[in-house]
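Taken together, the values in this text are just the output of simple stated rules run on the coordinates, not laboratory data. For clarity, every value in this text was computed on a predicted model and none was experimentally measured. A quick note on method: Cβ atoms are made from the backbone with ideal geometry, for glycine too, and the neighbour counts reach across all protein chains shown.
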Amino acid sequence: MEVEKTFEEQLEEDDKKIKDATENYGDVEIRDALIEKANTYLKYRKIEEAMAVYKEALAKSVGVGKKMDIHFLILKIYLEHRNLDKIREHIEL
């Protein structure tokens, strides 16, 4: 049975994945690693950090499908926190 990693360990692992993707792969792999990091922040309820990383991943997205997925994730988070101003702001982008 594997012991669950701490927040810092997960962030360190995510940063290693991002660094590896940056050095050895392309934008798709970087975006996927960024989404993993954002999901780690979200898991530990660090909403502002997660949103910043999701927006960074959005900038790395090329295809319409993945961009929409990230936009819907961002909107879902804003809905869960009932942040209507941020929803309106994000939709108006």
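Just to be sure, is L79 under 13 Å from the mean Cα position of the chain (by Cα) and either part of a helix (DSSP H, G or I) or in contact (Cβ under 8 Å) with a residue 12 or more places away in the chain (or both)? Criteria not met by L79. Reported count of residues in the stretch 1-56, each being surrounded by 12 or more Cβ atoms within 10 Å (Cβ to Cβ) and outside any helix (DSSP H, G or I), is 4.
For I70, state whether it is crowded, with 17+ Cβ neighbours inside 10 Å and either of a type in the set (G, A, S) or under 25 Å from K5 (Cα atoms) (or both). Taking the combined requirement at face value, the residue does not satisfy it.
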